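Here is the structure we will look at.
The values are calculated or read from the model by the stated rules, or taken from the named source; none is laboratory data. Note that the structure is a prediction, hence the values are computed from the model and not measured. Here the Cβ is made from the backbone with ideal geometry for all residues, glycine too, and neighbour counts use every protein chain on show.
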Amino acid sequence: MKALITFKYTDEEFKSLEDLGYDIIFKDERDISFSNDIKDADIMVCFDPFDKLDIGMLPNLKWIQLLSAGINQVPIDKMANQNIILTNNRGGYSIPIAEWIVLKTLEMYKNSKEFYEKQKNKDWKVDTSLLEIYGKTIGFIGTGSIAQEAAKRFEGFGVNIIGVNASGKKADYFHQCHSIDKINDIVGQCDVLIVAAPYTEKTHYLISEDVFKSMKDGTYLINIARGNIIDEKALINNLKSGKIKKAALDVFEIEPLSEDSPLWDMENVIISPHNSWASEMNFRRRYEIAYKNMKRYINKKKLINIIDLKKGY
């Protein structure tokens, strides 16, 4: 069975995948193109080679293992037409992003950005406006693995943890979960709102002006999901008005964020360059998900993290 891998694992890791019974072909996806040696690939392990490689030219392809959690780069229609199974790296980035969420919540409540500016200016000035998150309501849009890892870490802070997902199904570490049709009611209860939903056609601009109007005055907002889940123009207006007191934004509608974006100059915004996923453990986890699923596939066992192509998650 032939496996096309577009991420550079270590020699030892490649050898362990070969030992499972695969003929491994490595092509760096940064400069990948169609060639005869990959046309009969049975599976592909990758991030995003789809703008350079037409999977329609791989007639034997039966399964794609993404090394990303997001799937919006994938040509879903072609996948469905070719009956290709899609799995992702769900959970692979959950721990570092969960830590990031807690970090940014505390940074905003404890005015860390302002203290860093004072240090830079050698300004010794006490700030008595600091807040506690104790007793506050932390809300999540999306209650998947990232949200659950973050909720687990918030438990020790004595907060109320609520979430919104597609059906209102229960999720670990959440005190309450509600269906997406209740979003306006739920955001109005939140002191901190964290966007952690997958990006799909249904979640495009999910956080609209109408949803902003339903929020408390002075809500704190964190987005670690995808920029297009929030209407960025509406976000900017609500940051200016104070409806959103502070925001920590790791993702944006267009990345890199334009130098002309007013977000850069807003004192109540913390910007990071889609960086919340980073961790010294990521390389290991990218290998582990590939190894586990490739072992399952060759032994004809059910794969981990299968994506429903119709639902997009």
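Here are the numbers for this structure:
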{"read-out": "Unique residue being surrounded by 13 or more Cβ atoms within 10 Å (Cβ to Cβ) and within 16 Å of Pro198 (Cα to Cα) when the list is Ile141, Ile84", "value": "Ile141"}
{"read-out": "Boolean, Asp123 is at pLDDT 95 or above and over 27 Å from the mean Cα position of the chain (by Cα)", "value": "yes"}
{"read-out": "Qualifying residues in segment 276-290 (those that are in contact with a helix residue (DSSP H, G or I) (Cβ under 8 Å, 6 or more places away or on another chain) and within 21 Å of Ala98 (Cα to Cα)) - the one surrounded by the most Cβ atoms within 10 Å (Cβ to Cβ)", "value": "Ser276"}
{"read-out": "Residue in segment 98-120 that is touching a Ser or Thr at 6+ places or on another chain (Cβ under 7 Å), over 21 Å from Ile270 (Cα atoms) and crowded, with 20+ Cβ neighbours inside 10 Å present", "value": "no"}
{"read-out": "Entirely in segment 105-187, the helices (runs of 4 or more DSSP H) that have 3 or more residues that are of a type in the set (Lys, Arg) and in contact (Cβ under 8 Å) with a residue 40 or more places away in the chain", "value": "none"}
{"read-out": "Residue in segment 31-44 that is touching a Pro at 6+ places or on another chain (Cβ under 9 Å), surrounded by 16 or more Cβ atoms within 10 Å (Cβ to Cβ) and among the basic types (Lys, Arg) present", "value": "no"}
{"read-out": "Test: residue in segment 238-260 that is modelled with pLDDT under 95 and either farther than 25 Å from Glu99 by Cα or surrounded by 17 or more Cβ atoms within 10 Å (Cβ to Cβ) (or both)", "value": "no"}
{"read-out": "Residue check, Phe47 closer than 24 Å to Lys300 by Cβ, outside the structural domain of Lys152 (by TED's automatic domain parsing) and surrounded by 14 or more Cβ atoms within 10 Å (Cβ to Cβ)", "value": "no"}
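Residues checked against (1) modelled with pLDDT under 95; (2) under 30 Å from Ser272 (Cβ atoms); (3) among the hydroxyl-bearing types (Ser, Thr, Tyr):
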site	(1), (2), (3)
Ala41	no, no, no
Asn72	yes, yes, no
Tyr93	no, yes, yes
Val102	no, yes, no
Leu106	no, yes, no
Leu130	no, yes, no
Tyr134	no, yes, yes
Gly139	no, yes, no
